1. Return yes when ALA106 is touching a residue at least 24 places away in the same chain (Cβ under 8 Å), aliphatic (A, V, I, L, M) and either in contact with a strand residue (DSSP E or B) (Cβ under 6 Å, 6 or more places away or on another chain) or not in a loop (DSSP other than H, G, I, E, B) (or both) and no when it is not.
2. Taking the condition within 30 Å of TRP355 (Cβ to Cβ) and assigned by TED's automatic domain parsing to the domain that holds THR322, does TYR92 pass?
3. Under the condition of being buried (at least 16 other Cβ atoms within 10 Å of the Cβ) and small (Gly, Ala, Ser), which residue from region 459-476 is nearest to LYS441 (Cα to Cα)?
4. Please count how many residues of region 394-422 are farther than 21 Å from ASP324 by Cβ and either assigned to a helix (DSSP H, G or I) or at pLDDT 95 or above (or both).
5. Give the residue, chosen from ASP46, ASP61, ASP72, ASP40, that is crowded, with 24+ Cβ neighbours inside 10 Å, more than 13 Å from the chain's Cα centre (by Cα) and modelled with pLDDT of 95 or more.
6. When region 489-514 is examined, which residues are found to be farther than 19 Å from GLY473 by Cα, surrounded by 16 or more Cβ atoms within 10 Å (Cβ to Cβ) and among the charged types (D, E, K, R)?
7. Among the residues of region 320-343, is any crowded, with 19+ Cβ neighbours inside 10 Å, over 30 Å from PHE471 (Cβ atoms), at pLDDT 95 or above and assigned by TED's automatic domain parsing to the domain that holds VAL361?
Amino acid sequence: MKLKLGVSLTVKLIVCLFFISSTLKIQAQDKPNVVYILVDDLGYGDIGAYGATKVKTPNIDKLASEGKIFTDAHSASAVCTPSRYALLTGQYPIRGNQGQGIWGPAPVTSELLINPEQLTLADVFKNSGYATAALGKWHLGFGVGENLWKEPLRPGPNDLGFDYYFGVPVVNSAPPYVYVENDRIVGADINDPLVYVGRGKEREVTPITPIPPEASQRTQNMFKGAVEAHKLYNDYTVGEVLAGKAVEWITEKTTANKQEPFFLYFATTHIHHPFTPGTNFQGKSDAELYGDFIQELDWMVGQVTTTLEKQGVADNTLIVFTSDNGAMLNLGGRNAVKAGHKINGDLLGFKFGVWEGGHRVPFIAKWPGKIEAGSVSDQLICNVDMLATFMAITGLNPNSHNGSDGMNILPAILGNPKENIREELLLAPKSQKHLSLRKGKWMYIPAQGSGGFKGSKPHQHAWGGAPAVAFVGGKNSDMENGKLKEDAPPAQLYDLEKDKYQTTNVYNQYPEIVKEMEATLNTYRPKN
């Protein structure tokens, strides 16, 4: 196998046998169920609990009112695939790809980007006696070498600790437009196999659901065959299908054996473009299709929480709700902004970029009787911290896994520690030269701009940089009239304690801080 990342299989199993102490060993029926809801491209300002007024999110807001909101939570990357790598492995995405880093979205033909021998979030639960499932968007590849979509699709989720997988294998804006269950294509037919043919207008491919231009970009299909499998995938019913699978799986696990705890990783395709809300949600928000999609997402969350209550397990379930990165200023996002919706609140920047709007995300945790209702935390946390945190929750020693970049943030979830749990955080955009460092109140970006999207023309799908900041009415001292100033400093330093919205680059005022941050950042950079 080409992948040579992570710990050996032997170490992986040994890690899962180390408990903090015998007094902390928890009986199976006392272990909390865990539901981790990972939303796609949901921005800091996209839900009511974080200030949205043009969309209604009562189910998500209820999680916040009954649990805890984090105001300084981040994804390790502003890009979907590396962010998910960080979540599942507890490692910064620069560790992936044999130390060269994972920087962009995995292509359609990507191999599995996580070594099956590597300890994962699902392994932590599975080896602690949990039933485990991943539902929804995967986007971490399948197989070894180039994936040409020949069944079985292995290695995949089932080789990373998940008992069950069902979902969208890449993303809702990229082919193949089919569902995958475990390692098989749903609706597959040996007489009409799925065949990868690549890009090209002249290529004959299987038709997919028609969508209007205002739904935002969607890549053309790159596959022929599997006609019936393609028919089962309808852009307008993906939310309904995935929510239904979540309800079905939770119900099955809580009916068949209530003594067995469960871990559900529910990775929605919402609110990633194209914006294709179901019929019941179209035109229901005040933020165009973008807002309608958010409101369908809220309904999906409600389906999960209602099922937990109906099955009598809500009181012993930790729910985490967060996003893989910040919101994107695509056509749907721009239409929402025109309607008065602030997709990333007042944060600077967007998905793919290293300004705060690219990676500071909503993060809500609810655990009845454990987390104070209506509480707020300003602790610096990251999705890379979840593996260590879930090790602690299941009774494992989070310090026993030497390959982790994460911190155990359970004290911040359950209480209000006075000391900072995390002092330093590596943050990655799409651009390698913009790999950045957060240290205490300081945010250091070793280049100009965000390192993300650069579009600014009406016909362009992905907007970013100074023109996008101007479009949403943002302010930054390095920019003027939607352009970077000629005399802007060569890099950026922000005091987030005084300037959360990054209006003023203080790079020139604090040369010693810059020198210190650059030296620390250099210890992380991949050695090419």
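The values are calculated or read from the model by the stated rules, or taken from the named source; none is laboratory data. What you see is a predicted model, and the numbers here were worked out from it, not measured in a lab. Note: ideal-geometry Cβ built from the backbone for every residue, glycine included; neighbour counts use all protein chains shown.
1. On the way: touching a residue at least 24 places away in the same chain (Cβ under 8 Å): yes; aliphatic (A, V, I, L, M): yes; either in contact with a strand residue (DSSP E or B) (Cβ under 6 Å, 6 or more places away or on another chain) or not in a loop (DSSP other than H, G, I, E, B) (or both): no.
Considered against the rule, which asks whether it is touching a residue at least 24 places away in the same chain (Cβ under 8 Å), aliphatic (A, V, I, L, M) and either in contact with a strand residue (DSSP E or B) (Cβ under 6 Å, 6 or more places away or on another chain) or not in a loop (DSSP other than H, G, I, E, B) (or both), ALA106 comes out as no.
2. Numbers: within 30 Å of TRP355 (Cβ to Cβ): yes; assigned by TED's automatic domain parsing to the domain that holds THR322: yes.
Here the answer is yes, as TYR92 does meet what is asked.
3. In this case the residue turns out to be GLY474.
4. Quick first cut of region 394-422, residues farther than 21 Å from ASP324 by Cβ only: 394-403, 408, 410-411, 414-421.
Narrowing the set further to residues that are either assigned to a helix (DSSP H, G or I) or at pLDDT 95 or above (or both) leaves 394, 398-400, 408, 410-411, 414-417, 419-421.
The qualifying residues number 14.
5. Details: ASP61 fails: crowded, with 24+ Cβ neighbours inside 10 Å; ASP72 fails: crowded, with 24+ Cβ neighbours inside 10 Å; ASP40 fails: more than 13 Å from the chain's Cα centre (by Cα).
Of ASP46, ASP61, ASP72, ASP40, the one residue that is crowded, with 24+ Cβ neighbours inside 10 Å, more than 13 Å from the chain's Cα centre (by Cα) and modelled with pLDDT of 95 or more is ASP46.
6. Hit for region 489-514 is ASP495, nothing else.
7. Of all residues in region 320-343, those crowded, with 19+ Cβ neighbours inside 10 Å come to 320-334, 336-337, 341-343.
When the remaining residues are screened for being over 30 Å from PHE471 (Cβ atoms), the result is 320.
Then drop every residue that is not at pLDDT 95 or above, which leaves 320.
Now narrow it down to the ones that are assigned by TED's automatic domain parsing to the domain that holds VAL361: 320.
Yes, region 320-343 has at least one match.
Residue by residue, here is whether (1) assigned by TED's automatic domain parsing to the domain that holds ALA86; (2) part of a strand (DSSP E or B); (3) surrounded by 24 or more Cβ atoms within 10 Å (Cβ to Cβ) holds:
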residue: VAL124; (1), (2), (3): yes, no, yes
residue: HIS139; (1), (2), (3): yes, no, yes
residue: GLY143; (1), (2), (3): yes, no, no
residue: LEU148; (1), (2), (3): yes, no, no
residue: GLU151; (1), (2), (3): yes, no, no
residue: ASN158; (1), (2), (3): yes, no, no
residue: PHE166; (1), (2), (3): yes, yes, no
residue: TYR177; (1), (2), (3): yes, no, yes
residue: ILE190; (1), (2), (3): yes, no, no
